[in-house]
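S.K.: Before I ask anything, let me first share the structure, which is written out below as structure tokens.
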Amino acid sequence: MSEEGTATLRRSTNRGCKFSCGLMLVLATLHGCAKSGDAESQGNSSPLDTSYMIGDQVVTLVDGQAQAPAAPGSSTTITTGVWGIPEIADLNGDGREDAALVLIHDSGGSGTFYYVVAAISDDDGYRGTPGVFLGDRIEPRGIAVVDDRIIVKFLERAPGDAFAESPSVPAEQLAIYDVETGQLAQVARNFEGEADPARMTLQMKTWNWVKTVYNDDTVHTPLEPDVFGLTFDDEGNLHVTTDCNTMNGRYLVDEHRIQFEQMTSTRMFCEGSQEQEFAKMLDSVSSYLFTDRGQLVLEIRYDSGSMIFR
């Protein structure tokens, strides 16, 4: 983990007691609150020793930490750790003690990404969910479970603020465990203009490119608004409009992962076009998510950046 991420983890976990004390408390709570019939089947597994899906990567925690190379042969290390103390609650109504956690994911670049995940207890131990993205270099303030909703409170930056600015805008993300899909679904807050990501689909509209943000703070935006668009149909076909040509191809979806293939394009030449840059970004996309602002986010491989569409 980068020095910034490590410092963040240390600051966040030192709230009234050391992390090791909190970890012992969590483990004691998990085993003390579990039903006597479940303790043996759970063994020594805990939410801090469970695998989670972050983007297109499986992250397996050991004592709340994980490390892996960013790519085969790469000297860059991806580090993941648990922020604060997991929140213990029954998230799926089966009477077992589950857990909600915030993970700090450092991909080795300038970004430090935060996700909320859940660890669901069953006869075989704990199963981790895919992560719900909270933000880059935010400042978590707390995690709680009220009824069946996970609530993460944090500070984020105002729109247009550079990453050099400290987060100062209070925000929260709500999520609920979906028993049918085994994943967390973002829950929209009851503010005007916000959307419910759990009901959003790729096929619901034409998605217009707003910007692409990379981990080195580089931001790419279209020179003309609402020119670059993606249209998905129910048969797996993708239609792309750019500032010059149109492209057609196929898209493959596996849960939150997405891949574009068989792309063809018309062959007009347009001076000053951003088409090649845009096509290169699409070729690097590995997963997608929706936000409660009604946006589609296409995440670029190795957590190197995100394409934002509205």
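S.K.: Could you look through the range 246-298, keep only residues that are of a type in the set (F, W, Y) and over 15 Å from V132 (Cα atoms), and pick out the one that is modelled with the lowest pLDDT?
M.R.: So, considering only residues that are of a type in the set (F, W, Y) and over 15 Å from V132 (Cα atoms), the one modelled with the lowest pLDDT is F269.
S.K.: Out of everything in the range 155-180 that is more than 30 Å from N92 (Cβ to Cβ) and of a type in the set (D, E, K, R), what residue ends up being surrounded by the most Cβ atoms within 10 Å (Cβ to Cβ)?
M.R.: Looking at the filtered set, the residue picked out is R157.
S.K.: Turning to a different aspect of this structure: Of all residues in the range 244-283 being surrounded by 16 or more Cβ atoms within 10 Å (Cβ to Cβ) and within 17 Å of the chain's Cα centre (by Cα), which is farthest from G55 (Cα to Cα)?
M.R.: I258
S.K.: Please tell me if D123 is surrounded by fewer than 20 Cβ atoms within 10 Å (Cβ to Cβ), closer than 30 Å to G95 by Cα, touching a helix residue (DSSP H, G or I) at 6+ places or on another chain (Cβ under 6 Å) and not hydrophobic (A, V, I, L, M, F, W, C).
M.R.: yes
S.K.: Of all residues in the range 291-310, how many are surrounded by fewer than 21 Cβ atoms within 10 Å (Cβ to Cβ) and under 12 Å from the mean Cα position of the chain (by Cα)?
M.R.: The number of residues fulfilling the criteria is 2.
S.K.: In addition: Which of the residues spanning the range 93-102 are in a loop (DSSP other than H, G, I, E, B) and either acidic (D, E) or buried (at least 18 other Cβ atoms within 10 Å of the Cβ) (or both)?
M.R.: Listed by number, the residues that qualify are D94, R96, E97.
S.K.: Sticking with this structure for a sec: Which of (1) buried (at least 17 other Cβ atoms within 10 Å of the Cβ); (2) modelled with pLDDT of 85 or more does A198 not meet, given it meets every other one?
M.R.: (2)
S.K.: Tell me, yes or no, whether the range 50-70 has at least one residue that is touching an Asp or Glu at 6+ places or on another chain (Cβ under 6 Å) and closer than 21 Å to E172 by Cα.
M.R.: Yes, some residue in the range 50-70 is touching an Asp or Glu at 6+ places or on another chain (Cβ under 6 Å) and closer than 21 Å to E172 by Cα.
S.K.: Here's a follow-up. Quick check on Y126: is it in a strand (DSSP E or B), of a type in the set (S, T, Y) and closer than 30 Å to D161 by Cβ?
M.R.: Criteria not met by Y126.
S.K.: I'd like the residue in the range 212-238 that is aliphatic (A, V, I, L, M) and either part of a strand (DSSP E or B) or touching a Leu at 6+ places or on another chain (Cβ under 8 Å) (or both) and, out of all such residues, is surrounded by the most Cβ atoms within 10 Å (Cβ to Cβ).
M.R.: Restricting to residues being aliphatic (A, V, I, L, M) and either part of a strand (DSSP E or B) or touching a Leu at 6+ places or on another chain (Cβ under 8 Å) (or both), the top hit is L230.
The values are calculated or read from the model by the stated rules, or taken from the named source; none is laboratory data. This one's a predicted model, so the numbers in the text were calculated from it and none came from an experiment. Cβ sites come from the backbone with ideal geometry, for glycine too, and all protein chains shown count toward neighbours.
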